[in-house]
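Data block below; observations after.
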Amino acid sequence: MANETDIDRGQDKRFVFGYGSLIWNPGFSFLSAQLGLLRGAHRSLSIISHYHRGTREAPGLVFGLTRGGSCRGMVFEVEAPVWAEVRAYLDGRELVTAVYRDVWRPVHLADGRRVQALTYVVDEAHEQFAGQLSIEQQLAMIRAGVGISGRNVDYVLNTARHLAKLGIRDRALMALARQLQAEGVEGEGTGQAA
């Protein structure tokens, strides 16, 4: 768990970096949201989901931040008075299993500021970390996965749609989305949490 002393205690605002479903479904109140760049990790569809987007019998895949590269995402600014509530919500959503680690990382905001943001990164030693799967393996899991938060297909297509709207290029994700759409698979709504 990230240490709160890693950030300035006098700060009246906190920041959260979203790179997957947090972009289109944050689920918490925030003051503002803007694009941000995180260096040292990249978005990858590399976490086996037995809960939100799949089951043990038919696992799905969800996004994680894995080492190397960089990632553009959305940075949410949260007021200090509601931080404890927001943090509890995020931990309940993101730390269902120990596949994510909550860390504070520097993020460059679109407005030019550099802030420390709460970020959930992959524990690559965890059994749910899938590593690099072929596009065929990813598609098979995405097509089959349905969990308590809905269909894996919806999660992937919603994320692709929102990244495109924001002008964020993710070639691997867009290739998956194009393949699903070519098969006639359509996403529904924005679904729920993760």
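The values are calculated or read from the model by the stated rules, or taken from the named source; none is laboratory data. All of these numbers come straight from a predicted model, not from anything done at the bench. Here Cβ is always computed from backbone atoms with ideal geometry, including for glycine, and neighbour counts include all displayed protein chains. These accessible areas exclude ligands, DNA and RNA; they are computed on the full protein's heavy atoms, side chains included. Shrake-Rupley method; radii C 1.70, N 1.55, O 1.52, S 1.80 Å.
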- [ ] Mind checking which of Gln116, Thr97, Leu176 is farthest towards the positive end of the chain's charge dipole, using Cβ charges of +1 (Lys, Arg) and -1 (Asp, Glu) about the Cα centre?
- [x] Leu176
- [ ] Provide the packing ranking of 38-50, 156-168, i.e. peptides ordered by the mean count of other C-beta atoms within 10 Å per residue, highest first.
- [x] 38-50, 156-168
TODO: Count charges around Arg171 for me, please; just the other residues with Cβ under 14 Å from its Cβ, Lys/Arg as +1, Asp/Glu as -1.
DONE: +3
Task: Whole-Hz couplings from phi, Karplus 6.51/-1.76/1.60, listed for the stretch 25-30; x for Gly and Pro - done: 8, x, x, 9, 7, 8
Task: Kirkwood-based Rg to Rh ratio, the stretch 53-135, C-alpha trace - done: 1.00
Task: Folded to 0 to 90 degrees: helix 171-182 orientation relative to the chain principal axis, Cα - done: 40 degrees
Task: Radius 12 Å from Cβ of Gly27, net charge of other residues (Lys, Arg +1; Asp, Glu -1) - done: -1
Task: FRET efficiency, Arg178 to Ala88 (Cβ-Cβ, R0 45 Å, nearest 0.05) - done: 0.75
Task: Residue-averaged [θ]222 nm for the chain, counting only DSSP H segments that reach four residues, each worth -39500 (n - 2.57) - done: -9000 deg cm²/dmol
Task: Relative contact order, percent, the stretch 54-131 [alpha-carbon distance under 8 Å, six or more residues apart] - done: 29 percent
TODO: Using the Karplus curve 6.51 cos²θ - 1.76 cosθ + 1.60 with θ = phi - 60°, work out ³J(HN,Hα) for each residue of the stretch 47-57 in order, rounded to whole Hz, and write x for Gly and Pro.
DONE: 10, 6, 9, 9, 10, 5, 10, x, 10, 5, 6
Task: Net charge contributed by nearby residues that have their C-beta within less than 9 Å of Thr66 (K/R +1, D/E -1) - done: +1
Open item on the list: Using only the alpha-carbon atoms, how far is helix 152-166 inclined from the longest principal axis of the chain? Give it as 0 to 90 degrees, nearest 10.
Closed with: 50 degrees
TODO: Return the percentage of antiparallel bridges among DSSP beta bridges fully within the chain, rounded to the nearest 5 %.
DONE: 95 percent
Open item on the list: From the gyration tensor of the Cα coordinates in the chain, what semi-axes in whole Å does the equivalent ellipsoid have, largest first, with each one equal to sqrt(5λ)?
Closed with: 27, 17, 15
Task: Average Cα contact separation per residue, the chain, under 8 Å, 6 or more apart, as relative contact order % - done: 28 percent
TODO: Mind pulling the angle between the C-alpha long axis of helix 80-94 and the longest principal axis of the chain? Nearest 10 degrees, somewhere in 0 to 90.
DONE: 20 degrees
Open item on the list: So with the 1.4 Å probe, I'd like the accessible area per residue for the chain, rounded to whole Å².
Closed with: 48 Å²
TODO: Could you tell me what percent of the accessible area of the stretch 11-52 is made up of carbon and sulfur, with a 1.4 Å probe and every protein chain present?
DONE: 54 percent
